Each structure stands twice: as structure tokens, then as C-alpha cells.
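Each remark here refers to the structure printed beneath this line.
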Amino acid sequence: MNTLLIVDDEPANLAVLTHLLQPYYRVRAVNSGRRCLAAVRPPLKPDLILLDVMMPEMDGYEVLARLRADPATSDIPVLFVTALDDDLNEESGLARGAADYLTKPIRPGVLLARVRTQLEAKRGRDFLRDQNALLDAEVARRMRENELTQLVSIRALAHLAETRDPETGNHILRTQGYVHQLATALQRHPRFSDVLTSRYIDLLTKSAPLHDIGKVGIPDAILQKPGPLTPEEWAVMKTHAEIGAEAIDRAEADIETTVDFLVLAKEIAHWHHEKWDGSGYPDGLAAEAIPLSARLMALADVFDALISVRVYKPAMSYEEAREVILAGRGRHFDPDVVDAFLTNYAEFVRIAERYSDTAA
């Protein structure tokens, strides 16, 4: 049963309205605006308020304004009941947010019809609100599910590449952390602020583990060779950048649409071995021609390679690796990216320690 709240300072009016409405609704009555505001708080919230306009201390217009200003009561329909029967007063009441306007003396049939109409309208609004809430919840659930599927797919592909190069351990987790740290540190830098939005950083972080996916196409004899590579072997090794980019490109073509995180994954896989001075591979890109995603990954990947044991070398200390990165400023790496690394060097060490291969 719907609950109605009647607000009027005249006891006789309260009695008449209560008598007319009580057979059909749960009715509560108060005799002032202040008591009305106290009587509408959850869990006492009524389905409809019948509100007198002319009351001492606080008139109906002020009561309505306070109801509308409070998110907890702003959706309660208010039906003004008043002796002021000119058009200007009715227009004023409706303009202030009243759902309807009834003049005294009350005609029972009109009162019941207006109340029923407003309650039916409220039920319709409540139904739409609940349906929208359910729809929003379902959309949010599916988005979370899609994001989880993306993350699992990325990790599975990255680990597939990692199985070909077993000494990398937690390399993908560390480089992912480094890239996120660099991007966040540069987010307010004038050179990068237009690109490094929060969404871009999120997509970049998701994409980072796919930077070496192309290694699945490199023969074991080369990928796991304990000694230096011959020039011919090194030429084969360098093809992993293009292999990875092509694999992602084909996956994107299969679904016949552009997926934002795959765009960045393709950039990273293809160009993270390019160098700021143009001496990198596979395309010899230089400076700003190298996508920002790849510039960030370049530093992250080199730092982690330096501090990690490989079949062909021992690990460097963090300080030694720091000096190598610094020496590559303006040659191998974007100078501003190196500066961000130096500023956040302690955080790089923390990430490396957190995901160290010995702790895995």
C-alpha cells in the first residue's frame, strides 16, 4: 500500500484529507513544514506528499525547495493543495517542481484521480530507474568480465613467449610496472600530457606484457644460445619485433575492428628496440618518430635486461644499470624518459625487488 504524507497547518483540512484518502492509502499527517521535512527521511519516506502552500514559519514553496535540494527526497512527487486558485500561483507552483496543483475546497473525485495519477507516474519512474540500475550493473559486470578476459589473454600470450626464454622469470611483471611508473611520472609533462591520459596509461600497462610476443618465432638454438650470436643469428633474432607486430596485426584483422590496447601492443612489439638516435631496429626510427609507447618500453626493457641473469650474461647491480641508462640519454633513450627514470629510480628498484626472480 502506498504511503501519503499530508502537510497542512489547519486541523480541519488534515481531517478532511485523511478521511478521503485513508480507505485507499496509508496516510500520515503533520501540521508544519518543519515536521514535514523531519517526516520524509528514510525509512519514513512517503510515496507522495500533499502540501499546503500557505503555512506559518515555512510555506509550501520553501518546503518544496528543501525537498528538491536533498538527494534523499528530491524524487518524492509533491501535490500542492491550496486556497490560492489563480493561474499565476498554479504556474509558480509547477515551475518550482510540484507534480500537480489542487485548489480548495477539495472535490473528492478530483483529489482521488490526481493522487492515483501521480502514484502511477511514480511507479513508472521507479520501474525505469530500477531497470536502468539493473542495466548499468549488467554493463559493469560485462565490462569487468571483458577486462578480465583481456588480462588473462594477454598474460597467457606473454607467458607463451616466456616459455621459449625460461630465464626471464617475472620479466613481464617488472616491465609492466616500470612502464606504468614512467607513464604516470610523465603524465603532467608538457611534451606528453596530451597523450598520457589515464585511459592511455591503463591501456599501455595492459599492453606492455606483449612486447616480446614475437620471440615465439625465433628458433631455440638462437633464443637460448649461451654465447654471443653470429651476425646471421643476430639478424634472425631482430626479426622478433616484426613477427610480434604482425601476429597482433593479424589478430586485429580477424575481428575486423580496432581494439585500442592492441594498437599500443602492436606499437610496443614493433618498435621497442628503436633508439632515439635512429640506430635501433627494425626500421631505424629516431626521436619523435618512435611512438611514445615504444620509447617507454625501450627503457623499461633495457633496465630489466641489465639487472637480470641471461644465458649469455650475469646480472648487473641496480646502480650499474642506472649508469648505463644515464649514458644512453639522448642516444638510446628519449632524454625526458631518462629524466623520469632517474627521478623515480627508487621505485624502479622496489618494483624489481617485488617481482624478483629469486622471490618468485
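The values are calculated or read from the model by the stated rules, or taken from the named source; none is laboratory data. Keep in mind that what you see is a predicted model, and the values were worked out from it rather than measured. Using ideal geometry, Cβ is built from the backbone for each residue, glycine included, and neighbour counts are taken over all protein chains shown.
What the table shows:
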quantity	calculated
Residue match in the range 78-85 (condition: without any contact (Cβ under 8 Å) to a residue 40 or more places away in the chain and of a type in the set (Asp, Glu))	yes
Residue among ARG310, ARG322 that is of a type in the set (Lys, Arg) and either modelled with pLDDT under 95 or surrounded by fewer than 19 Cβ atoms within 10 Å (Cβ to Cβ) (or both)	ARG310
Inter-residue pairs, beta-carbon under 8 Å, first without any contact (Cβ under 8 Å) to a residue 24 or more places away in the chain and in the range 199-210, second hydroxyl-bearing (Ser, Thr, Tyr) and in a helix (DSSP H, G or I), 6+ apart	ILE201/THR184
Restricting the range 313-351 to residues that are small (Gly, Ala, Ser) and farther than 23 Å from TRP276 by Cβ, the residue that is nearest to the chain's Cα centre (by Cα)	ALA346
When residues of the range 10-19 are limited to those that are touching a residue at least 24 places away in the same chain (Cβ under 8 Å) and crowded, with 17+ Cβ neighbours inside 10 Å, the one nearest to the chain's Cα centre (by Cα)	LEU17
Test result for GLU242, of a type in the set (Asp, Glu) and within 22 Å of ALA300 (Cβ to Cβ)	yes
Candidate set from the range 36-61 (those that are within 16 Å of VAL81 (Cβ to Cβ) and not in a loop (DSSP other than H, G, I, E, B)); member that is farthest from the chain's Cα centre (by Cα)	ASP52
Pairs, first at pLDDT below 95 in the range 331-360, second surrounded by fewer than 16 Cβ atoms within 10 Å (Cβ to Cβ) and part of a loop (DSSP other than H, G, I, E, B), C-beta under 8 Å, six or more apart	GLU353/ALA359; ASP357/VAL309
LEU292 among the aliphatic types (A, V, I, L, M) and loosely packed, with under 15 Cβ neighbours inside 10 Å	no
Some residue of the range 213-222 being charged (D, E, K, R), within 22 Å of PRO282 (Cβ to Cβ) and touching a helix residue (DSSP H, G or I) at 6+ places or on another chain (Cβ under 6 Å)	yes
